Amino acid sequence: MIFRARRLLGRGGFIIAAFLLTRLLAIAATHAGAARMTPAKVAQWKWIPDRDNLFPGAPPPALLAPLVRWDANFYVSLTRDGYPPRHPGANHHLAFFPLYPLLLRATHLDVFWAAFWVSNACTLLAALCIARLSKRPADGLRAAVLFLASPGAHFFAYPYSEALFAAALAASLLLLLRERYLLAGVAGAVASATRSPGVAAAVALGTQALLAVRTSARVRAFCGAALALGGVGAFMAWCHFAQGDALAFVHLQAFHGRHLSLLGPVRAFLAFDRDPDYYLLSTACLYLAARLVRRAPAWQWATAAFLVLLPMSTGTLQAMIRYQAANVPLVAGVPLLYRGKTFWRIAAACCAWMCFEAFLYGKGIGHN
């Protein structure tokens, strides 16, 4: 049936159909969770205008209200009011990179609708780019579907920066594949201005540079890697001059128990402070990243492993489900390992998992 649908719709049409179906499922599951919130959770998430700096201005429309939880409130606040001025104590808004809220503000739409359209458009763009990362068109199509149905893919429909990050990273990797290294660096800079793991684009380009045969290609790839760091570099410069701490976004992680170290992944697994689904997904990602070493190009498996290990290196598995949904090189590599019915069973299981996570999110449960 899937094969017939693919032939009928074509690759692009099939991806669009998968995009619409998975977005519908994610949003419906989120609303289903919101409909079953406890009175305490209803009071916690009820939008009372200006009750604090995370509930600025008018509330979201009813259709979008269940999509606005936790970090989404920070992005709404940043879009409407920008970063708070320098003040004593922790400025928690600095943990969030500026490009996503700047893009929302540039649309001149209501912030909630701007986030909805921007996030979903970036999700579709990322899926279309991922479909072209594989040598075999069938593998690319499978990778795009898995990206849309992965356990954390519901966050791509929310006011979160993951969709923009994934689109920029996917575009950077696609340009790298086509040996347009400088443009890949520009796309990488967009990724690193969106989220700190955007430096993964520099990892991919640096790996490619080290393995390049021609000197000219090596130089261009290294230049692209340097360009890819431009986004995070610009944010660091702003943090230094406006906040007095170039690494404020790193130092703020200490408030959430995150401390980068080489033994961080070991501490994360031995902490036993997260729900089983975090351990299941983290273990699966480590396994897949290890298997890709023999099946994928060096730039791909190195970047995939980097994006798995970086959040673990902070000593916690917190938010791993969300982070790995945007691990573009890892998702793109899964069809290299599994094909046929096995792959589609995995994709179906992931989609069901995504709906479960969306239900919990809508219910206001930030499960650990």
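Every number here is computed from the coordinates shown, using simple stated rules; none is lab data. What you see is a predicted model; the values in this text were computed from it and never measured. FYI the Cβ positions are ideal-geometry reconstructions off the backbone, even for glycines, and counts take in every protein chain you see.
Working from Cα pairs under 8 Å separated by at least six residues, relative contact order for the chain is 23 percent. The helix-based estimate of mean residue ellipticity at 222 nm for the chain, built from -39,500 (n - 2.57) per DSSP H run of four or more residues and divided by its residue count, is -20500 deg cm²/dmol to the nearest 500. Positive-end ranking of Leu141, Pro56, Asn73 along the dipole of the chain, with charges on Cβ about the Cα centre, is headed by Leu141. Largest first, the extents of the alpha carbon coordinates of the range 17-83 on the three principal axes equal 37, 29, 17 Å. Run a plain Debye calculation on the range 156-206 (Cα atoms as equal point scatterers, no solvent) and give log10 I(q)/I(0) at q = 0.31 Å⁻¹, rounded to two decimals, same order as the q list. Once normalised to I(0) and log-transformed, intensities are -1.11. For the range 109-181 versus the range 269-310, the inter-centroid distance based on Cα atoms is 19 Å. Around Leu182, what is the net charge, scoring Lys/Arg as +1 and Asp/Glu as -1 over all other residues with Cβ under 14 Å from its Cβ? That sum, taken over residues with Cβ under 14 Å, equals +3. The coefficient of translational diffusion for the range 38-127, derived via Stokes-Einstein from the alpha carbon Kirkwood radius under 25 °C and 0.890 mPa s, stands at 174 µm²/s.
With a cut-off of 14 Å between beta carbons, the residues surrounding Gly33 carry a summed charge of +3, where Lys and Arg count +1 and Asp and Glu -1.
Above 21 Å, the calculated P(r) of the range 211-291 contains 60 percent of its Cα-Cα pairs.
Subtracting the Cα-Cα distance of Asn53 and Phe272 from their residue separation scaled by 0.36 nm leaves 75.5 nm. Here the range 2-362 is treated with +1 on each Lys and Arg Cβ and -1 on each Asp and Glu Cβ, and its dipole about the Cα centre works out to around 1480 debye. With all pairs of separate Cα atoms included, the range 79-167 yields a Kirkwood hydrodynamic radius of 14.5 Å.
Site pair Arg80 and Leu24 shows an inter-label distance of 3.2 nm when each label is modelled 7 Å from Cα along Cα→Cβ.
Can you give the alpha-carbon Rg of the range 291-362 over 2.2 N^0.38 Å, where N counts its residues? Walk me through the intermediate numbers first.
Details: Rg = 13.7 Å, N = 72, 2.2 N^0.38 = 11.2 Å.
Compactness ratio reported: 1.22.
Can you tell me the alpha carbon radius of gyration of the chain divided by the globular rule-of-thumb value 2.2 N^0.38 Å? The partial results should precede the final answer.
On the way: Rg = 19.9 Å, N = 368, 2.2 N^0.38 = 20.8 Å.
Rg over 2.2 N^0.38 Å, computed on Cα atoms: 0.96.
Which Cα, out of Leu94, Thr22, Phe235, lies furthest along the positive dipole direction of the range 2-362 (beta carbon charges, K/R +1, D/E -1)? Highest projection toward the positive end goes to Thr22.
Between Ala305, Gly82, Ala193, the Cα set farthest toward the positive side of the dipole of the chain (charges on each charged residue's Cβ, about the Cα centre) is that of Ala305. Using the Cβ of Ser77 as centre and a radius below 15 Å, the other residues enclosed give a net charge of -1, where K and R count +1 and D and E count -1.
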